[in-house]
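The values are calculated or read from the model by the stated rules, or taken from the named source; none is laboratory data. As the structure is a prediction and not an experimental result, all values here were calculated from the model. Here the Cβ positions follow ideal geometry from the backbone for every residue, glycine too, while neighbour counts run over all protein chains shown.
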Amino acid sequence: MIAYVKGTVEYIEEDNVVIDVGGIGYNVKVSADTAARMPGVGEQTKLYTYMNVREDAVSLFGFFSRDDLAVFRQCITVSGIGPKGALAILSTLNADSLRFAILSGDAKAISKAPGIGIKTAERLILELRGKIRAEDTLIAKEMADYSGTSNAAADTAQKREAVEALVSLGYGQAEALKAVNAIEGIEEMDSGAVLKAALKKMF
């Protein structure tokens, strides 16, 4: 069992990296998000890994954090979702967004992953919802803040209104909040501007 690989980045592709560890090149499959965050060729990195053993192949799947690896492991316990499917999901939603999508029953957001249909997404939600706590996800905490308190930050109302508007347009809560959170300078924008900016993030 290889718990992690730590070494020099030799090669990077969209879904695969090669890490040189003491002169041995480890071929590690990664999500698109992980590939985009990799340091440059020739630089040092560390990836926590899951080793998948089949009769015809042995594959390593790598992640920057134990948290990402833990979510990956949860996904592959679901019937019909193998390592490649779990990696596709984590290429579409990061670990925190995926947890929130599961908690909120947002099958639409999960089914955007290549090869993951709506029925598979619903099965994932059904099987994993009881294994995830709301306090484990930062997104859930933000949504809880949207209930509104006198001490709420100034941009909370704008975020809430934008998320609610996006949900009313048919978007899932997880992807709506992800788009809103990606907006820079939100504290200087009104609700209408936030909504327009969030819609641009959707495309």
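Quick notes on this structure:
- Qualifying position, being buried (at least 22 other Cβ atoms within 10 Å of the Cβ), within 29 Å of V28 (Cα to Cα) and either over 16 Å from the mean Cα position of the chain (by Cα) or modelled with pLDDT under 90 (or both), among L87, L93, L138: L93
- Selection status of I89, in a helix (DSSP H, G or I) and either outside the structural domain of E13 (by TED's automatic domain parsing) or over 28 Å from V163 (Cβ atoms) (or both): yes
So that you can scan it fast, the table gives a plain yes or no per residue for (1) under 23 Å from A70 (Cα atoms); (2) in the same structural domain as P114 (by TED's automatic domain parsing); (3) surrounded by 14 or more Cβ atoms within 10 Å (Cβ to Cβ):
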residue: E10; (1), (2), (3): no, no, yes
residue: V28; (1), (2), (3): yes, no, yes
residue: D33; (1), (2), (3): yes, no, yes
residue: P39; (1), (2), (3): yes, no, no
residue: E43; (1), (2), (3): no, no, no
residue: Y48; (1), (2), (3): yes, no, yes
residue: E55; (1), (2), (3): no, no, no
residue: S59; (1), (2), (3): yes, no, yes
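- On inspection, A113 fails the criterion of being closer than 19 Å to Y171 by Cα, touching a residue at least 24 places away in the same chain (Cβ under 8 Å) and not in a loop (DSSP other than H, G, I, E, B).
- For the stretch 71-85, residues that are touching a residue at least 24 places away in the same chain (Cβ under 8 Å), hydrophobic (A, V, I, L, M, F, W, C) and part of a helix (DSSP H, G or I) total 2.
- Top-ranked residue in the stretch 1-33 [being closer than 18 Å to G82 by Cβ and not in a strand (DSSP E or B); ranked as modelled with the highest pLDDT]: V30
- Cβ-Cβ distances below 6 Å connect no pair with a first residue in the stretch 26-46 that is on the phi > 0 side of the Ramachandran plot, a second residue that is of a type outside the set (F, W, Y) and buried (at least 18 other Cβ atoms within 10 Å of the Cβ), and a separation of six or more residues or different chains.
- Top-ranked residue of the stretch 100-111 - restricted to ones that are under 12 Å from the mean Cα position of the chain (by Cα) and under 18 Å from G82 (Cα atoms), ranked as modelled with the highest pLDDT: I110
- Here the condition is being over 16 Å from L128 (Cβ atoms), more than 12 Å from the chain's Cα centre (by Cα) and of a type in the set (S, T, N, Q); of S59, S79, it holds for S59 alone.
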